[in-house]
Structure formats: C-alpha cells, structure tokens
Amino acid sequence: MKILITGAAGFIGSNLSKALLERGHVVTGMDNLNYGFLRNIEPLRTNKNFEFIMGDIANPLILKDVKADIIVHLASQKIPRYTNALRTLDENYLMLRNVVHKCIMDKSKILFASTSDVYGKNPNIPFAETSDLVMGPTTVKRWAYAMSKMYGEQYIIANHDEYGLKYTITRFFGSYGPNQNLTWWGGPQSVFIEKAFKKETIDIHGDGSQTRTFTYVDDTVNALVACIENDKSDNEIFNTGPKSNAEISIKDLAVLIWKLVNGKDAEPQLNYIPYSTFGNYEDVMRRVPDITKICNTLNFVPQWDLEEGLKVTIDWQKQFIL
C-alpha cells in the first residue's frame, strides 16, 4: 500500500514508518519539525520506499501532489498547558480539514489519531469506545485539546455520512518509548527519566495520585498496523492500549523510573506543584482503557509490560543525557 503519514518525524510517526517499511509498504512522511526530529527518521531515508516532505499540513498545498491509499493523520497540537488554546483549536481543525478533503478527492482512507483525553472526567472505568465523553467547563482551557479531537471524530464521521469517507479512529492511551519527545510534550516519563539520571528533584503535578495507563510504542504501532492492513477496521473507533493492569499513579511512575535508573534502594526527591500554578486547570484522575474491541475485531494482542518497556526506553534516552 501507499501510505502517507503526517507527523512522520515525531514519536509515533517515526516508529510507524519504520514498521510499515519493514512490511513492504511505500511510505511518504510529512512533518514541519516543530515537535519532530530528523534524527527519528534518518535511518529510513536510504530506503527507496520512503520519501520525506517537510511542510505544514495546515497548508493545503502541501498535499496537492501526493497520492496515497491511506493517510495516517498523527500531526497534532496538544493540551494548552504546553501551547495555547487558540493554537490547539485552530491548527487541529485546519490540519484535519485539509487531510479529510484530500481523502475525499482521492478516495483515500483516513486513519485519525484521537486521544484517551476525549473521555474526560467520566468516572466509569475502564473506558470503552461507547463510553460517554465528559468534559469540564469551557472556561477551563485544558479541555480545548480533547474538544478538538472530539470535533475531529465528529467531522470525520459526518464526512463519511455525507461523502462516503472511509475512516478508522484510534484513541491512544499514554504511548512511550524510543523517539519520544524529551520534554513534557512527550509525557511525564520523558522528564522523569532525565531527572533520574541527573539525580534531580522530580516535579509532580498535583499530589501525584492521578493515574495513567502507559502503552509501549511497539504495541501502539502494532495496533495501527492492524488498522491499516485489516478491512475490519473500516469506519470503526478503537481504543489502543497495553496489557491489562497497566494503570499506575504518576507518583509511583516517578518512583519506579528512579529505581530503574539508580537502583532498587534509591528513593527520589519529589516536588509537588499545585494545579493552581497552571491557572484555571483541571486534570483527569484516572484513565484506563477497555481494549476488548480492537483485540476481538483485529486480533490485536499487546505484548509489553510497563517495567519492560521503561527499561528499553531508559536505555534509549540515556544517550541524550550522559
């Protein structure tokens, strides 16, 4: 297949590009390098089946001369804690609109990267694809990212109903691993690993009791490959996540990473930062997926335990620290 990946020089995009090339697909990667890095795709650039185009997906002209059977739309602005709400809302809409219009014109399929954040404050754990999406007040800009993804899902489905757009929507739960961004943009594990190597105090947002479910990137990529290669994924929404019982509090994640880096008897220094520091901000206290649907529909089986995946990630990240 001919596959176009937006955000190809980013974390998931680069790992997915590698996996697809290994499976014999032809891959075109696009990225504006705002958050991706050429180093992530450098090993791929000698592959005759890989082409990289540097450009911004918010500009519709960048897509004009590219043809693909499927566009995997990974490029995204994240939670406004890292940027601002207007940029998140504007850019996520503009990029998706351009990709959707391209897919309709070329009769391509879109594989859209949504997020577990769309489940918001729903207290009913675990989250299934049919769970309610419960947002906080619009005065809290933290919800702008989730709302942009919810709008994206609705926009895709509406274009399917109106124009026959073929789609798959995936909701990611906490991916981590090699090529991850090394700042807070990449998730808490990236920052915790660096702090552990430098034996510096780890900042924890809130009291650290909030939990997340972290997915090693190989499991995320294998789920995406299944969505790309299996027609049973057409016009479906899937949670993608790790093995069961992978839920961990942010505080316990910090302690685990510290011990994996510095030894089992080492104890980190933790600094708790009140949410009020971020302004009018809310956090989600638990985020756990039900991945029964993707497992049953696409025969997806996650392989990685959290500690096993963190060891590989730590070994990769230390090259940027030591």
Please find, within segment 148-173, the residue that is nearest to PHE214 (Cα to Cα) out of those that are touching a residue at least 40 places away in the same chain (Cβ under 8 Å) and of a type in the set (S, T, N, Q).
THR170
Among the residues of segment 5-18, are any of a type outside the set (A, V, I, L, M), buried (at least 24 other Cβ atoms within 10 Å of the Cβ), at positive phi and in contact with a Leu (Cβ under 7 Å, 6 or more places away or on another chain)?
yes
Taking strands (runs of 3 or more DSSP E) that fall entirely within segment 206-266, which contain at least 1 residues that are buried (at least 21 other Cβ atoms within 10 Å of the Cβ) and under 13 Å from the mean Cα position of the chain (by Cα)?
211-213, 236-240
Scanning segment 65-97 for residues that are of a type outside the set (A, V, I, L, M, F, W, C), more than 27 Å from GLU22 (Cα to Cα) and in a loop (DSSP other than H, G, I, E, B), the one modelled with the lowest pLDDT turns out to be TYR82
Would you check if THR292 is buried (at least 18 other Cβ atoms within 10 Å of the Cβ), modelled with pLDDT of 95 or more and within 21 Å of ASP117 (Cβ to Cβ)?
no
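Yes or no, residue by residue, for (1) of a type in the set (Phe, Trp, Tyr); (2) in contact with a strand residue (DSSP E or B) (Cβ under 7 Å, 6 or more places away or on another chain); (3) without any contact (Cβ under 8 Å) to a residue 60 or more places away in the chain:
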site: SER244; (1), (2), (3): no, no, yes
site: LEU253; (1), (2), (3): no, no, no
site: ASN271; (1), (2), (3): no, yes, no
site: PHE278; (1), (2), (3): yes, no, no
site: PRO289; (1), (2), (3): no, yes, no
site: LEU298; (1), (2), (3): no, no, no
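The values are calculated or read from the model by the stated rules, or taken from the named source; none is laboratory data. A quick note: this is a predicted structure, and the numbers were derived from the prediction, not measured. Cβ: placed from backbone, ideal geometry, glycine included. Neighbour counts: every protein chain shown.
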